[in-house]
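Okay, so here's the structure we're looking at.
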Amino acid sequence: MIQLKFSEIEQGGWEELKPYLDTCVLPLTGLQGGEQPWEATMALEMLRDALDVVEIPFKGRTVTYPALHYTRDIADLSGLCGRLKREAGFRYVVCVTPRTEEELPIEEVCADLILRFTPEQLSDRPEEARREAAERMTRLWFANQTL
């Protein structure tokens, strides 16, 4: 299986891949617009590290969409999550961010899951972050299935 980003899926191949790629990963940078260039660079690096926790282990089931860098309006984010499900056809939308709840309060969006992996968590307890991602993604995917 390969790791897929939105730009790697061609129009003719999407219908064939769609049943297997049921989860959209929506990266959230959490910029507010007042950051200095070096702060924006740091935020993008933090997002990259947080995405590694989800993209690498779940390749072949997820499609990573372009990052949403500015998320001041929760209604817009909620609408985007809804459109990704209704119009793009994803069964699940998972938001990934390196920001804490205090830095980026988005709990009420219609994403199926919000994964937060701060730089401190990733440097101090990387295995715990990977385990948390695996457990929460597995719970999301298998919550409605009967064994």
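The values are calculated or read from the model by the stated rules, or taken from the named source; none is laboratory data. Because the structure is predicted, anything quoted here is derived from the model rather than measured. A quick note on method: Cβ atoms are made from the backbone with ideal geometry, for glycine too, and the neighbour counts reach across all protein chains shown. Heads up: the accessible areas ignore ligands, DNA and RNA and are worked out on the full protein's heavy atoms, side chains in. Shrake-Rupley method; radii C 1.70, N 1.55, O 1.52, S 1.80 Å.
Among the residues making up the stretch 14-29, none is closer than 16 Å to L47 by Cβ and at pLDDT below 90.
Return yes or no: is V63 crowded, with 19+ Cβ neighbours inside 10 Å, modelled with pLDDT of 95 or more and under 16 Å from L21 (Cβ atoms)?
On the way: crowded, with 19+ Cβ neighbours inside 10 Å: yes; modelled with pLDDT of 95 or more: no; under 16 Å from L21 (Cβ atoms): yes.
So V63 does not fit the description; no.
Across the stretch 32-60, the number of residues qualifying as surrounded by 14 or more Cβ atoms within 10 Å (Cβ to Cβ) and aromatic (F, W, Y) comes to 1. Can you tell me which residue within the stretch 106-121, out of those that are under 15 Å from T71 (Cα atoms) and acidic (D, E), is most open to solvent (accessible area, probe 1.4 Å)? Filtering first and then ranking leaves E108.
Here is a yes/no grid of residues against (1) basic (K, R); (2) closer than 25 Å to L44 by Cβ; (3) modelled with pLDDT under 95; (4) under 14 Å from the mean Cα position of the chain (by Cα):
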{"residue": "A67", "(1), (2), (3), (4)": "no, yes, yes, yes"}
{"residue": "D73", "(1), (2), (3), (4)": "no, yes, yes, no"}
{"residue": "L77", "(1), (2), (3), (4)": "no, yes, yes, yes"}
{"residue": "R86", "(1), (2), (3), (4)": "yes, no, yes, no"}
{"residue": "R91", "(1), (2), (3), (4)": "yes, no, yes, yes"}
{"residue": "I106", "(1), (2), (3), (4)": "no, yes, yes, yes"}
{"residue": "L115", "(1), (2), (3), (4)": "no, yes, no, yes"}
{"residue": "W141", "(1), (2), (3), (4)": "no, no, yes, no"}
{"residue": "T146", "(1), (2), (3), (4)": "no, no, yes, no"}
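Return yes or no: is G82 open to solvent by less than 40 Å² (accessible area, probe 1.4 Å), closer than 26 Å to E16 by Cα and outside any loop (DSSP other than H, G, I, E, B)?
Numbers: open to solvent by less than 40 Å² (accessible area, probe 1.4 Å): yes; closer than 26 Å to E16 by Cα: yes; outside any loop (DSSP other than H, G, I, E, B): yes.
In short, yes.
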